[in-house]
Every structure is written in structure tokens, then in C-alpha cells.
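Peer 1: Here you go, one structure.
The values are calculated or read from the model by the stated rules, or taken from the named source; none is laboratory data. Since the model is a prediction, treat every value here as computed from it, not as a measurement. Surface areas here come from the heavy atoms of the whole protein model, side chains and all, with no ligands, DNA or RNA. Shrake-Rupley method; radii C 1.70, N 1.55, O 1.52, S 1.80 Å.
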Amino acid sequence: MNIADYLERKRIDVDRFLDLLAPPSVTPPTTLHESLRYSLMAGGKRVRPILAIAAAEALDQTPPGLMAVACSLELIHTYSLIHDDLPAMDNDDFRRGKPTNHKVYGEAMAILAGDALLTMAFDIVSRPDLMKGCDPVRQVRIIQELAFGSGNMGMVGGQVLDIQAENKDIDLPTLQNIHKHKTGMLMRAAVRMGAIAAGASDRQLDDMTGYAEDIGLAFQIADDVLNVTGTREELGKNPNTDAERGKKTYPTFYGVDGAKKLADDCVTRAIHRLSSFGPSADPLREIARYITNRKN
């Protein structure tokens, strides 16, 4: 399969749904909606929602409410980027090739836009019209996965650990624990949410969870490498920011080539986890390979 074509088709579908979902900029309070749309529609890769869709497709299903489930993940991801860019966090000036949200709308509005996106994520996976036909038990499990993956034991917890590790001589297990939570848990939630929506068995869910954990690590390692090797034009933000903030990364421990090898090993493991699935899981397999070959 051509993974570039697949990702582009799914990205267009996700963008179309997000555009319908997000209130128009003219909806009061207008500045809030301008701000959240500014970041939400800024042209992201939509990896997390596409993972949820591909996980459902691996089970030969397009379950009710799948696009709402998928897009809830992008709302969470975008909120986290807005907050991560704030001066109190990573203090970034650019995101996806554009000035960061707080540079355009101010810190207070950026915080509130993130808050709104976080809340909207749970709104859309609980709305009867968007989730019509979804089994109620599955729906509750999906909502719980979203909360667990994005909250204090998931992404937010990882962000806390990341901040606390700045300018400290952390060891490799500490780095792995940071990124297992900060990056990995939301990707794990994405795959599990898609699989649960499609009615995965316990064995299938376990296999997909292992896959998700492996690609989450591969994704973070690839990000760390790109932060060292990429250009601002490729990344859409300034490179070498990790070193400037005193953050230890996988290239710090392994070197660039060693980190790339580690990411490739993760991808090999992830693909092996899908050995019980047929060709319908090829998008998941190709997404794993794409993660380490991307330029941004």
C-alpha cells in the first residue's frame, strides 16, 4: 500500500470533521474560537486520530462514532501543544510553521483555548448524535481510555516528569518513563480506543496495545533525533531546543545513529505484534515504518 496516500486521505477526512466540529470564529466568545481554531486547523499530521481509525480498520470495522472518537484525540493533542508552548512550559515561538498561539492571542487566551479543546474532547465522545449506534459499554470504555491516556497517569503526568527533569543528570530509565507517559500514553489510547470501538477481543486488544507502546517509543526517539538533525523549515519550529533547555534525550545516551537504530528496533517489534492480523492491519504496519522515516 502507499502509506503517503493513505495518510493524506485520512488527514483530509479528519480535517473536514474537525472543521465542522469546532465552532466558527464568529461564534461568541469570538476570540476564544478564533484562538482554538488557529491551532486546531494549523495543518498537523493527525497521527493520533489516524491510528484510531487504522486500529478499527484492522478489525475490518468502521464502527459508529469512529470519527468522533478519532477527533477527540486531536483535540487533546492540540490543547497539549498550546499549553506546552507557553512561557511557563517550553516557551516556544513557533509551531507547525506559524507563531505559537500565545504569541498571537496572549497567554491567557492560549490557556483558555487549551482548556476549551480539552473539554470539547469529552463532549464529542459523549454526544448522542455523534456516537449514535455505539454500544454504551464500549462508549464508557472509550471515554475512560481517553481520560487515562491524557490525564495525570498519562500525558499530563509525563509532562510533569519532563519539566522536573530539565537541567538534571537523569538516567536512561527516567528518560524512558518520561516519554512512556508524555508521548506514549496518548498514542496507546488512540490505538486502544479504535480497537475497542471496533469490538476487539481481549487478545486483539493486548496485541494492539503492545504495538502502540512500541510505536509511541519509536515516535519519541524519532522526534528527539529530528530535534538535533532537522531544520526549522522541516520541523515547523526551532531545532535544537532540547539541548537549549537542558533536556536529556535519546541521542544524548545513544548518539544520533544509535537512537535511529533503537527506533528501528521498536518498529520491528511493533510490526511483529500484529502477526495475528491479516492485510487489514497493513495501514498500522506502514504507519509504524512511517514514524521513523518522517522529516517532521
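Peer 1: Per-residue ellipticity at 222 nm for the chain, helices alone: DSSP H runs ≥ 4 residues times -39500 (n - 2.57), over residue total, nearest 500 deg cm²/dmol?
Peer 2: Using -39500 (n - 2.57) per qualifying helix, the result is -22000 deg cm²/dmol.
Peer 1: Could you tell me the extents of the range 21-164's C-alpha atoms along the three principal axes, largest first, rounded to whole Å?
Peer 2: Taking max minus min along each principal axis of the Cα atoms, the range 21-164 gives 43, 39, 23 Å.
Peer 1: When the chain is fully extended, how far beyond the present Cα-Cα distance does residue 19 get from residue 60, taking 0.36 nm per residue of separation?
Peer 2: Stretched fully, the residue 19-residue 60 segment lengthens by 12.1 nm.
Peer 1: Test of understanding: what is the full-extension gain from residue 104 to residue 135, defined as 0.36 nm times their sequence separation minus their Cα-Cα distance?
Peer 2: Extra length available between residue 104 and residue 135 comes to 7.0 nm.
Peer 1: Still on this structure, please answer the following. Going from most exposed to least, what order do 193, 1 have by accessible area with a 1.4 Å probe?
Peer 2: If we order 193, 1 from most to least accessible, we get 1, 193.
Peer 1: Something else: So what is the relative contact order of the chain, in percent, for Cα pairs below 8 Å that sit 6 or more residues apart?
Peer 2: 21
Peer 1: Rounded to the nearest 10 Å², what accessible area does residue 62 show when all protein chains are kept and the probe is 1.4 Å?
Peer 2: About 120 Å², rounded to the nearest 10.
Peer 1: What are the ³J(HN,Hα) couplings of the range 31-47, residue after residue, when phi is run through the Karplus curve with 6.51, -1.76, 1.60 and θ = phi - 60°? Round to Hz, x for glycine and proline.
Peer 2: 5, 4, 6, 4, 5, 5, 5, 4, 7, 5, 9, 8, x, x, 6, 6, 4
Peer 1: Same structure, new question: Return P(r) of the range 97-190 (all Cα-Cα pairs; 5 Å bins starting at 0; whole %; ordered from short to long distances).
Peer 2: It works out to 3, 12, 15, 16, 18, 16, 11, 6, 2, 1, 0, in whole percents.
Peer 1: Now, a different point. Does the range 83-123 come out rounded, prolate or oblate, given a ≥ b ≥ c as the square roots of the eigenvalues of its C-alpha gyration tensor, rounded meaning a/c under 1.5 and, failing that, prolate meaning a/b above b/c?
Peer 2: Prolate, since a/c reaches 1.5 and a/b exceeds b/c.
Peer 1: Right, next: What order do 104, 137, 125 take when sorted by accessible area (1.4 Å probe), most exposed first?
Peer 2: Correct descending sequence by accessible area is 137, 104, 125.
Peer 1: Keeping all protein chains in place, calculate the accessible area per residue for the chain (probe 1.4 angstrom), answer in Å².
Peer 2: About 44 Å² of surface per residue is accessible.
Peer 1: Kirkwood Rh, the range 208-296, all Cα pairs: how many Å?
Peer 2: Evaluated on the range 208-296, it is 13.6 Å.
Peer 1: Using each residue's phi in the range 279-288, evaluate 6.51 cos²θ - 1.76 cosθ + 1.60 at θ = phi - 60° and report the 3J(HN,Hα) Karplus result to the nearest Hz, with x for Gly and Pro.
Peer 2: Rounded to whole hertz, the list is x, 5, 8, 4, x, 4, 4, 6, 4, 4.
Peer 1: Whenever you get a sec, line up 248, 10 from highest to lowest accessible area (probe 1.4 Å, protein heavy atoms).
Peer 2: 248, 10
Peer 1: Rank 278, 184, 44 by mean-square fluctuation in a GNM of the chain with C-alpha springs under 10 angstrom and give only the top-ranked residue.
Peer 2: Of 278, 184, 44, the most mobile in the Gaussian network model is 278.
Peer 1: Provide the solvent-accessible area of residue 253, counting protein heavy atoms only and rolling a 1.4 Å probe, rounded to the nearest 10 Å².
Peer 2: Using a 1.4 Å probe on the heavy atoms, I get roughly 70 Å².
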